[in-house]
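Reading through the structure tokens given below for one structure.
The values are calculated or read from the model by the stated rules, or taken from the named source; none is laboratory data. Keep in mind that this is a model prediction, so the values were computed, not measured. Glycine also receives a Cβ, built like all others from the backbone with ideal geometry; neighbour counts cover every protein chain displayed.
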Ligand SMILES: [Zn+2]
């Protein structure tokens, strides 16, 4: 979901005509470049890591940032959205190397994917931006942005479905947003990523993958429990589950925390120090919930009836975060207590055992 200016689009269509006459194919040099791959990006296809290093060198970006964007946007090419190919405008589609996307093709081999992909597989079904476009390609550019940024990028990348071209355009776009070349506003990397992806939550998601904080080691049990009441029950533990609606991670449906049940309205207490990240919502997911970030841990307190801290508040052990409730995907009052390590998402969840104790009698 990238919102971008359209002002230069006409000029770039002219540049595009020139590009047709002088196609420049970016190439990846022999591997050997080394850098510290983020632990949160361990699963990236080896060939793609080399491509990211090359794109980053050309655009003075961190390869981890480009790999993290590719993970968020198309899951390193695994996305199969099944949209009509025609949603990509003809002038952009004309440059797409369709053979590379077929089973055994260059891009599929690079990404380690057994099957092939259609153009429509990497098209976002949602219409976004002032021109109401579909994001497309390996790094999910809007076509209008692709035309502008590909023309401005080193080597003039041609094919938004070719990982190297897409990563060079993305790195260049970020660099232009940071330097002020895009619109005379200088930005931090985080702010540039927020423009790239639409909001700061997107930026933080990318940065959490690209630069996970150094592990702080086991968090000592603080002696605090997040919720307590007479008759408290653990109604569901951490691990594989059959409950439809729970997330599927690495092919396994999993309950990502502990469900602790007390009557509605019981105070929910932070068991650690840290900083509060507040998300409000009623219908789906975790409902009203607070994540307290401390080191590489994000400790989640979900389904709250009321939240009693503000986003960004510093939190001390024992701070009352809110009141137990049943907001979000919940069938009755309970606290969903979750520990995410290394990133703020359920994909990073670990068993909360060690941080808090099971309630007596469970
Ligand atoms: Zn739960």
Does the stretch 319-327 include one or more residues that are modelled with pLDDT of 95 or more, closer than 19 Å to residue 222 by Cα, part of a loop (DSSP other than H, G, I, E, B) and over 20 Å from the mean Cα position of the chain (by Cα)?
yes
Looking at the stretch 297-317, which of its residues are surrounded by fewer than 18 Cβ atoms within 10 Å (Cβ to Cβ) and either over 16 Å from residue 260 (Cα atoms) or in contact with a helix residue (DSSP H, G or I) (Cβ under 9 Å, 6 or more places away or on another chain) (or both)?
306, 308, 310, 311, 312, 313, 314, 316, 317
Suppose the filter is in contact (Cβ under 8 Å) with a residue 40 or more places away in the chain, under 15 Å from residue 57 (Cβ atoms) and either in a helix (DSSP H, G or I) or touching a strand residue (DSSP E or B) at 6+ places or on another chain (Cβ under 9 Å) (or both); does residue 172 pass it?
yes
Answer residue from the stretch 333-362, given it is more than 24 Å from the chain's Cα centre (by Cα) and on the phi > 0 side of the Ramachandran plot and is surrounded by the fewest Cβ atoms within 10 Å (Cβ to Cβ) among those
361
Could you check how many residues of the stretch 175-194 are farther than 14 Å from residue 145 by Cβ and in a loop (DSSP other than H, G, I, E, B)?
7
Residues (over 20 Å from residue 68 (Cβ atoms) and modelled with pLDDT of 95 or more) located in the stretch 128-144:
132, 133, 134, 143, 144
What is the one condition in (1) within 15 Å of the ligand (Cβ to nearest atom); (2) touching a strand residue (DSSP E or B) at 6+ places or on another chain (Cβ under 6 Å); (3) assigned to a loop (DSSP other than H, G, I, E, B) that residue 331 does not satisfy?
(2)
Inspect the stretch 269-291 for any residue being within 16 Å of the ligand (Cβ to nearest atom) and touching a helix residue (DSSP H, G or I) at 6+ places or on another chain (Cβ under 6 Å) and give the result as yes or no.
no
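I'd like the full set of residues that are assigned to a loop (DSSP other than H, G, I, E, B), in contact (Cβ under 8 Å) with a residue 40 or more places away in the chain and surrounded by fewer than 19 Cβ atoms within 10 Å (Cβ to Cβ), limited to the stretch 246-296.
Taking the stretch 246-296 and keeping what is assigned to a loop (DSSP other than H, G, I, E, B), we get 247, 250-251, 256-257, 262-266, 270-273, 280-287, 295-296.
From what is left, the residues that are in contact (Cβ under 8 Å) with a residue 40 or more places away in the chain are 247, 256-257, 262-266, 270-273, 281-287, 295-296.
Once the filter is applied, which keeps residues that are assigned to a loop (DSSP other than H, G, I, E, B), in contact (Cβ under 8 Å) with a residue 40 or more places away in the chain and surrounded by fewer than 19 Cβ atoms within 10 Å (Cβ to Cβ), the stretch 246-296 yields 247, 263, 264, 265, 273, 281, 282, 283, 284, 285, 295.
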Note on residue 155: of the conditions (1) in a helix (DSSP H, G or I); (2) at positive phi, unmet is (1)
Of the criteria (1) under 21 Å from residue 319 (Cβ atoms); (2) at pLDDT 95 or above; (3) under 28 Å from the mean Cα position of the chain (by Cα), which one residue 274 fails
(2)
For the stretch 167-196 the number of residues that are within 19 Å of residue 154 (Cα to Cα) and either surrounded by fewer than 18 Cβ atoms within 10 Å (Cβ to Cβ) or not assigned by TED's automatic domain parsing to the domain that holds residue 69 (or both) is 4
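Restricted to the stretch 158-169, and to residues that are part of a helix (DSSP H, G or I) and in contact with a strand residue (DSSP E or B) (Cβ under 9 Å, 6 or more places away or on another chain), which residue is farthest from residue 46 (Cα to Cα)?
169
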